[in-house]
Protein chains: 2
Amino acid sequence: MNERALKLWVVLSRAHASVEAHVRADIARHGLTSGEFGALEALHSKGPMLLGEVKKKILLSSGGITYVVDRLEEKGLVERRACPEDRRASYAALTEEGTALMKRIFPLHAAAVARAVSGLDAAEQEEASVLLRTLGRHAERLGEGS
Amino acid sequence: MNERALKLWVVLSRAHASVEAHVRADIARHGLTSGEFGALEALHSKGPMLLGEVKKKILLSSGGITYVVDRLEEKGLVERRACPEDRRASYAALTEEGTALMKRIFPLHAAAVARAVSGLDAAEQEEASVLLRTLGRHAERLGEGS
DNA sequence: ACAGAGCATCTCATAACTGAGATATTTGGC
DNA sequence: GCCAAATATCTCAGTTATGAGATGCTCTGT
């Protein structure tokens with residue numbers, strides 16, 4: 001029955017929006033947007049990445065990734081670096097300032113996220129993560145044909 | 001530990017974005033945006049609602065709800081009606097055309113949503129709905145103090 | 001009755017994107 | 001080697017929002 005699916009979609013949307021409001025408010029305190037923070041987070045955990053990799057990681061459009069990296073470059077947090085193997089592509093990498101910022105604010109961010117999702121206990125969070133990973137992966141694959 | 005919370009937030013974001021991409025593509029085929037469809041859906045299921053009620057239902061800012069209802073009025077799908085008890089407020093209500101549109105496209109939409117969340121079976125969808133409702137409700141309440 | 005706090009909505013400037021098309025490069029088949 | 005298709009990023013116009021402040025109305029306490 002489709003009602004079950006609709007209900008899931010509604011609660012997924014609301015849960016995302018409600019949690020995001022908290023996360024966004026936390027991020028905004030550091031003068032960043034969600035998109036910017038997503039990119040910084042990716043670069044912080046994985047090191048320099050091609051713009052296309054960042055784009056996939058944080059699910060932004062082609063124009064969006066250019067926009068976000070431009071903003072981060074203006075703020076001095078990220079720099080573009082040429083990619084020797086492919087001259088169409090370029091890397092984004094944290095600057096020293098970007099690294100320092102992330103070291104400083106990441107723990108605060110993690111605490112804010114923990115607070116925002118504290119409606120579920122540890123076991124429920126694990127359970128929800130498993131279900132959502134399955135859900136997300138499947139939805140991603142569905143779209144690959146277009 | 002905060003890692004669990006961060007992981008949950010990441011998979012929640014990705015799952016939402018991936019599913020939304022499908023839902024948005026479906027809605028766009030009918031010339032509507034997600035916000036517009038959300039408002040139409042609310043009005044379709046509950047009948048005429050105050051703008052403030054719609055705003056809460058689909059989690060839009062004050063400017064956003066004005067914008068969305070303006071668009072829907074331009075398209076002839078919704079009309080504003082004066083609220084006799086409170087002259088600051090107004091109702092949004094589906095027009096005949098809006099009702100007809102929703103009757104026509106809602107089943108198609110439901111099918112598209114069902115496809116988008118088909119990575120989980122029926123029992124998992126129920127399970128996820130329960131967890132996400134708890135998560136969302138809690139996050140909403142957290143923000144009420146500000 | 002009335003001041004002032006509290007609300008519902010609207011207005012406006014601006015942000016944060018999207019998506020189509022442009023540009024430059026690479027890759028695979030012939 | 002060469003051409004066409006694929007790919008990575010950028011550009012640009014337009015869209016969908018946000019959030020602060022304005023406006024007009026209602027409610028509360030006195």
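The values are calculated or read from the model by the stated rules, or taken from the named source; none is laboratory data. Here the structure is a predicted model, which is why all the values come from computation and not from measurement. So basically every Cβ, Gly included, is an ideal-geometry build from the backbone, and we count neighbours across all protein chains shown. SASA here: full protein model, heavy atoms, side chains in, ligands and nucleic acids out. Shrake-Rupley method; radii C 1.70, N 1.55, O 1.52, S 1.80 Å.
Across bins of 10 angstrom width beginning at 0, how are the C-alpha pair distances of segment A:17-58 distributed, in whole percent?
Computed distribution, short to long bins: 29, 47, 24, 0.
Which of A:LYS7/A:LYS46; B:LYS57/B:LYS103; A:LYS46/A:LYS103; A:LYS57/A:LYS103; A:LYS57/B:LYS75; A:LYS75/B:LYS7 have a Cα-Cα distance over 25 Å?
On the way: A:LYS7/A:LYS46 36 Å; B:LYS57/B:LYS103 20 Å; A:LYS46/A:LYS103 14 Å; A:LYS57/A:LYS103 20 Å; A:LYS57/B:LYS75 36 Å; A:LYS75/B:LYS7 27 Å.
As for pairs spanning more than 25 Å Cα to Cα, those are A:LYS7/A:LYS46; A:LYS57/B:LYS75; A:LYS75/B:LYS7.
Counting partner chain Cβ atoms within 10 Å of every residue's Cβ in A:97-104, what's the average? Display every interim value, and only then the final one.
Numbers: counts 0, 0, 0, 0, 0, 0, 0, 0.
Taking the mean over all residues of the peptide, I get 0.
Just by accessible area at a 1.4 angstrom probe, what is the order of B:ARG87, A:ARG14, A:ARG137 from largest to smallest? Working shown, then result.
On the way: B:ARG87 225, A:ARG14 65, A:ARG137 130 Å².
Sorted descending by solvent-accessible area, the residues read B:ARG87, A:ARG137, A:ARG14.
Leaving out ligands, DNA and RNA, what percent of the accessible area of the protein assembly as shown is carbon and sulfur, probe 1.4 Å?
Working: 8060 of 15430 Å².
For the protein assembly as shown, the apolar C and S fraction of the accessible surface comes to 52 percent.
Going by the rotation axis that takes chain A to chain B, pick out the residue of A with the closest C-beta and quote the gap in whole Å.
A:HIS16, 2
Tilt of helix A:34-46 relative to the longest C-alpha principal axis of chain A, in degrees (0 to 90, nearest 10)?
Rounded to the nearest ten degrees, it is 70.
Given an 8 Å cut-off on Cα distances and at least 6 residues of separation, report the relative contact order of chain A as a percent. Don't skip to the end; give the middle numbers.
Working: 105 pairs, mean separation 33.4, N = 146.
Computed value for chain A: 23 percent relative contact order.
Once the Cα atoms of helix A:62-74 and of chain A are each reduced to a long axis, what angle between those two axes, in degrees from 0 to 90 to the nearest 10, is obtained?
Tilt of helix A:62-74: around 60 degrees.
Would you tally the net charge around A:SER90, using a Cβ to Cβ cut-off of less than 14 Å, leaving A:SER90 out, and scoring K and R as +1, D and E as -1? Spell out each step's value before the answer.
Numbers: positive: A:LYS55, A:ARG80, A:ARG81, A:ARG87, A:ARG88; negative: A:GLU53, A:ASP70, A:GLU73, A:GLU79, A:GLU85, A:ASP86.
Computed value for this residue: -1.
Please calculate how many Å² of accessible area chain A carries per residue, with a 1.4 Å probe and no DNA, RNA or ligand atoms counted. Mind showing how you got there, number by number?
Numbers: 7720 Å² over 146 residues.
Here the residues of chain A average 53 Å² of exposed surface.
If each DSSP helix of 4+ residues adds -39,500 (n - 2.57) and the sum is divided by the residues in the protein assembly as shown, what number results at 222 nm, nearest 500 deg cm²/dmol?
Working: 12 runs with 206 residues, N = 292.
For the protein assembly as shown, the value works out to -23500 deg cm²/dmol.
List the distances, in nm to one decimal, from the label point of A:SER118 to the label points of the same position in every other copy, shortest first, placing each label point 7 Å from Cα along the Cα-to-Cβ direction.
With the label placed 7 Å along Cα→Cβ, A:SER118 yields 4.1 nm.
Can you tell me the 0 to 90 degree angle between the C-alpha axis of helix B:2-28 and the longest principal axis of chain B, rounded to 10?
The angle comes out near 40 degrees.
Which value in nm describes the separation of the simple spin-label points at B:GLU73 and A:CYS83, placed 7 Å from the Cα toward the beta carbon?
Simple spin-label model gives 4.9 nm for this pair.
Tell me the Rg and the Dmax, in Å, that the Cα atoms of the protein assembly as shown produce.
Answer for the protein assembly as shown, Rg first and Dmax second: 20.6, 69 Å.
If you take the square roots of the eigenvalues of the alpha-carbon gyration tensor of chain B and sort them as a ≥ b ≥ c, do you get rounded (a/c under 1.5), prolate (a/b over b/c) or oblate? Provide the component values of the computation, followed by the final result.
Numbers: a/c = 2.31, a/b = 1.39, b/c = 1.66.
Judged from the Cα gyration tensor, chain B comes out oblate (a/c at least 1.5, b/c at or above a/b).
Kindly give the distances from B:GLU73 to its copy-mates, label point to label point, with each label point 7 Å from Cα along Cα→Cβ, as nm values to one decimal ordered shortest first.
Its label point is 4.3 nm from the equivalent points in the other copies.
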